[in-house]
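Contents: one structure, followed by commentary.
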Amino acid sequence: MNILLPITITEAMIAAGTTIPAVDAGMGEVAWVAGDYALGARLTYKGWTWHCTKAIAGAPVNAYTPDDPRASQHWEKDETSPTNRMAPFDEYVFTAAKQRGGLKYVLTPPFFNGVAMYGVEADQTDIKVYEPGAAPGAPPIHSHGQTMWEQAFGEWEYLFGNLDKTNKYTGSGYPIRPVSSLEITLSRSDPQAMAELGYLSIGQWQQLLAPLSDKGGTEFGAEVSPKRYGLWKANGDGTYLRQKGRVAKLITASVLINAKDAPRVSRLLEKIIDIPVAVEASDLPQYGHISTVGFVTGTVRAERATYARVNIKVEGNV
């Protein structure tokens, strides 16, 4: 099993070359500046959308930033509305960065070896890593590119089926540096089609390996089930009200690890208990469906002198 311990991405880590502006006027965003505002105004500030809950007129309140405690009666942060640029770095998958024809992020995160993307809408994904301060035209120290079409389940599907696009990518083995330049590009074949990126996590993969092995320790029997957030209500006459909602995944798995790794895994579960993380039961393609972004809870049980059992439950995010 693999769990990506994420690095918090700040606006300062977003470098030149990123195609989505800090304030995306094309998406209707308007930056906050000192001044008077009417009730209901929606403005962006420090990567988030803020809603005016009480009209602002005159000094000194019209100079208070939305996050200033003195302005708390006038501004409310919308926790489900990050700016278009910062959307992939919040906790939700459905809040996506969008740009017509394709999009690019150039980031400078420290000490990472893995990338996870969910909620991807693209035809091609390209990821490159450069040394810090590399000259224009210098070759990357690591690169990966792939089309986003899923592998056919069999020959019939390959020849006659309607192949679907995958909406995720996870990668490991990126060269670790104190600082490096990470370039992520999503491309669309149709320049008018919208490219989307719902969730982007960069960090260090934490592997739960089987005892005396370099293979994942997830046992057979791991389960994944969809959890719906739609509305279904039965009426007295046999009809019903149905309203489609977002869907998340629930994952349960049992993992065997070396007994000496138990303290590390126990500490890892403590670190991530209140933050959503990318999780995959295995890096083998046939188990790619047992993966999601969500909240992880679990127990570490000392079963034998040589190995321990980790029971994992993941409640996926929408």
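If you go through region 103-128, how many residues are crowded, with 19+ Cβ neighbours inside 10 Å and in contact (Cβ under 8 Å) with a residue 60 or more places away in the chain?
So the answer is 14.
So which strands (runs of 3 or more DSSP E) stay within region 167-247 end to end and still have 3 or more residues that are of a type in the set (Lys, Arg), at pLDDT below 95 and surrounded by fewer than 19 Cβ atoms within 10 Å (Cβ to Cβ)?
No strands (runs of 3 or more DSSP E) qualify here.
I'd like to know if region 129-139 contains one or more residues that are in a strand (DSSP E or B) and surrounded by fewer than 19 Cβ atoms within 10 Å (Cβ to Cβ).
No; the residues of region 129-139 include none that is in a strand (DSSP E or B) and surrounded by fewer than 19 Cβ atoms within 10 Å (Cβ to Cβ).
Please go through region 9-29 and pick out each residue that is exposed (fewer than 13 other Cβ atoms within 10 Å of the Cβ) and either over 17 Å from residue 107 (Cβ atoms) or in contact (Cβ under 8 Å) with a residue 40 or more places away in the chain (or both).
11, 16, 17, 25, 26, 28
If residue 59 satisfies every condition in (1) surrounded by 14 or more Cβ atoms within 10 Å (Cβ to Cβ); (2) over 13 Å from residue 46 (Cα atoms) but one, which is the exception?
(1)
Listed residues 233, 260; which is touching a Phe, Trp or Tyr at 6+ places or on another chain (Cβ under 9 Å), among the charged types (D, E, K, R), farther than 30 Å from residue 120 by Cα and free of Cβ contacts under 8 Å to residues at least 60 places away in the same chain?
233
So residue 73 ticks every box in (1) closer than 30 Å to residue 293 by Cα; (2) in a loop (DSSP other than H, G, I, E, B) but one. Which box is left unticked?
(1)
Quick test for you: out of 54, 46, pick the one residue that is under 30 Å from residue 100 (Cβ atoms) and surrounded by 12 or more Cβ atoms within 10 Å (Cβ to Cβ).
So the residue among 54, 46 that is under 30 Å from residue 100 (Cβ atoms) and surrounded by 12 or more Cβ atoms within 10 Å (Cβ to Cβ) is 46.
I'm trying to understand the selection: among the residues of region 109-131, which are of a type in the set (Val, Ile, Thr) and under 22 Å from residue 289 (Cα atoms)?
Of everything in region 109-131, those that are of a type in the set (Val, Ile, Thr) and under 22 Å from residue 289 (Cα atoms) turn out to be 115, 120, 125.
Would you confirm, using the coordinates I've provided, whether residue 56 is modelled with pLDDT of 95 or more and more than 26 Å from residue 120 (Cα to Cα)?
Considered against the rule, which asks whether it is modelled with pLDDT of 95 or more and more than 26 Å from residue 120 (Cα to Cα), residue 56 comes out as yes.
Only one of 71, 63, 97 is under 26 Å from the mean Cα position of the chain (by Cα) and among the small types (Gly, Ala, Ser). Can you tell me which?
Criteria check complete, one pass: 97.
Out of 90, 164, I need the residue that is at pLDDT below 95 and at negative phi. Which one?
164
Would you point out which residue out of 282, 254 is in contact with an Asp or Glu (Cβ under 7 Å, 6 or more places away or on another chain), surrounded by 11 or more Cβ atoms within 10 Å (Cβ to Cβ) and not aliphatic (A, V, I, L, M)?
None of the other options fit; the residue is 254.
The values are calculated or read from the model by the stated rules, or taken from the named source; none is laboratory data. Keep in mind it's a predicted model, so treat the numbers as computed, not measured. Counting neighbours? That spans all protein chains shown, and the Cβs are built from the backbone with ideal geometry, glycine included.
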